[in-house]
Amino acid sequence: MKVDFHFHLEEGPYSFNWLQRTAKALEVVPGEPEPRGDRNTLQWMEGQIERLKQRIDEGGFAERWMEAYLIEGRKKGIERFGMVDHLYRFEEFRGYYEKFILMDDSELGRLQRYWFDRVRLCSIEEFLGAARNMQAKGHPLSIGVEADYFPGGEAELKALLDRYELDYVIGSVHFLDGWGFDNPEVKEIYESKDLLELYKYAFEHVKQAANSGLFDMIAHLDNLKVFGYRPDESLLIDLYDDLAAALKRAGVATEINTGLAYRYPVKEMCPSPSLLAKLREHGVPITLSSDSHYPDDIGTLLDEAAELAKRTGYTEIVYFEKRKRLTLPL
């Protein structure tokens with residue numbers, strides 16, 4: 001069975017690139033009128049502007065936009081869905097993130113403050129309410145959040161998450177000592193790092209996240225490779241083995257996440273085939289995810305991910321409902 005258990009509704013900042021990408025995605029949204037005139041004419045562009053204005057006015061939690069993911073996913077053979085949003089988009093979690101992301105008066109701090117103030121959009125209740133409406137309509141949908149893990153923030157994050165009824169919580173590591181390492185605007189910081197030591201440090205964060213008891217699954221385990229910075233992978237095998245053993249002991253699942261393969265320079269899924277082999281060796285459960293942020297990307301490369309899982313020896317995948325892990329045959 002095919003699942004997509006980690007996809008997002010949208011994400012800012014709201015740039016011209018976002019506008020262009022959203023215009024493309026509107027082509028799969030149900031009920032969207034066809035733009036007038038021949039493509040690339042002024043009349044056609046006027047129609048595109050009208051469609052974009054309607055989309056912006058309705059917002060990212062509009063029923064038509066949300067259903068587009070599910071309708072498009074079913075066309076691609078997906079039978080169960082897991083919809084999440086990043087916690088940093090919600091005002092209720094502002095204080096948590098401000099404690100741990102570097103947002104001081106340094107160049108990096110100013111850049112990250114600029115980003116944070118533009119992606120933090122609304123209350124989590126808006127997301128949860130809209131997603132629950134999708135469940136009420138009968139869609140095979142689980143609702144979760146993707147929560148950034150920061151060492152020392154466990155108690156605060158638990159207290160915040162305990163306020164909400166969720167089907168699952170994804171833990172992820174996007175920041176090391178306050179540096180958002182997957183931001184292309186600051187990727188030059190990699191140049192000053194000992195890459196092997198950096199990977200050891202990042203994997204320690206991942207292991208701590210797994211051991212925290214906060215998360216049902218840990219996302220994109222080796223996303224530190226996002227821009228292609230990594231040592232020879234032969235040097236990482238022992239780290240992979242240690243990481244896989246830690247996840248198994250902690251009883252948490254992970255994913256084959258295709259997002260890095262189609263959205264980022266590294267052009268490889270998370271985890272790498274070598275890391276996936278170690279996860280299988282230790283018996284770590286997996287699910288499949290596209291990490292899509294637009295409805296036309298849902299399900300991207302999931303067939304390839306499923307084939308990789310089978311070749312590695314996996315025969316089943318997992319999904320979550322009401323904080324319980326359930327299994328399905330691949």
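A compact table of results
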| item | result |
| --- | --- |
| Environment charge of ASP291, counting only residues whose C-beta is closer than 10 Å and scoring Lys/Arg +1, Asp/Glu -1 | -3 |
| Cβ-based net charge around GLY228, under 11 Å, with every Lys or Arg adding one and every Asp or Glu removing one | +3 |
| Rounded to the nearest 20 debye, dipole of segment 163-317 from Cβ charges on Lys, Arg, Asp, Glu | 300 |
| Debye equation applied to the C-alpha atoms of segment 1-99, log10 I(q)/I(0) at 0.11, 0.12, 0.18 Å⁻¹ | -0.43, -0.50, -0.96 |
| Student exercise, the chain dipole from Lys, Arg, Asp, Glu Cβ charges, in Debye to nearest 20 | 740 |
| Accessible area expressed per residue, segment 1-56, with surrounding protein chains retained (probe 1.4 Å, Å²) | 57 |
| DSSP-defined beta bridges in the chain - what % are antiparallel, rounded to 5 | 30 |
| Theoretical ellipticity at 222 nm over the chain - DSSP helices of four or more residues, -39500 (n - 2.57) apiece, nearest 500 | -13000 deg cm²/dmol |
| Degrees between helix 237-250 axis and first principal axis of the chain (Cα, 0 to 90, nearest 10) | 80 |
| Translational D in µm²/s for segment 235-285 (Stokes-Einstein at 10 °C, 1.306 mPa s, Kirkwood Rh from C-alpha pairs) | 141 |
| For segment 34-92: Kirkwood Rh in Å [reciprocal of mean 1/r, alpha carbons] | 14.1 |
| Selection of trypsin sites (Lys or Arg not before Pro), segment 42-90, meeting DSSP coil and at most 14 other Cβ within 10 Å | LYS76 |
| Straight-distance crosslink candidates among aspartates and glutamates, where the alpha carbon sits under 13 Å from LYS99 and sequence neighbours closer than 8 are dropped | ASP148, GLU154, GLU156, ASP177 |
| In segment 237-330, trypsin sites (Lys or Arg not before Pro) in a DSSP loop with at most 14 other beta-carbon atoms within 10 Å | LYS267, LYS322, ARG323 |
| Net charge, GLY152 excluded, C-beta distance under 12 Å - Lys, Arg +1, Asp, Glu -1 | -2 |
| Diffusion constant of the chain at 20 °C, which comes from Stokes-Einstein with the Kirkwood Cα-pair radius and 1.002 mPa s, µm²/s | 104 |
| Most positive-pole-ward Cα, GLY77, PRO295, ASN257, against dipole of the chain from beta carbon charges | GLY77 |
| Stokes-Einstein diffusion coefficient of segment 141-202, Kirkwood radius over Cα pairs, 25 °C, 0.890 mPa s, in µm²/s | 178 |
| Förster radius 35 Å - calculated FRET efficiency between ASP303 and ALA159 (Cβ-Cβ, nearest 0.05) | 0.30 |
| Nearest-20 debye value, segment 123-177 charge dipole, Cβ charges on Lys, Arg, Asp, Glu | 300 |
| Sequence-distant residues sharing a close amide H with PHE5 (under 5 Å, placed H) | GLY82, LEU288, SER289, SER290 |
| For segment 139-236: lysine pairs under 20 Å (alpha-carbon distance), excluding those fewer than 8 apart on one chain | 6 |
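The values are calculated or read from the model by the stated rules, or taken from the named source; none is laboratory data. What you see is a predicted model; the values in this text were computed from it and never measured. Here Cβ is always computed from backbone atoms with ideal geometry, including for glycine, and neighbour counts include all displayed protein chains. Quick note on the areas: whole protein, heavy atoms, side chains included, nothing else; ligands and nucleic acids left out. Shrake-Rupley method; radii C 1.70, N 1.55, O 1.52, S 1.80 Å.
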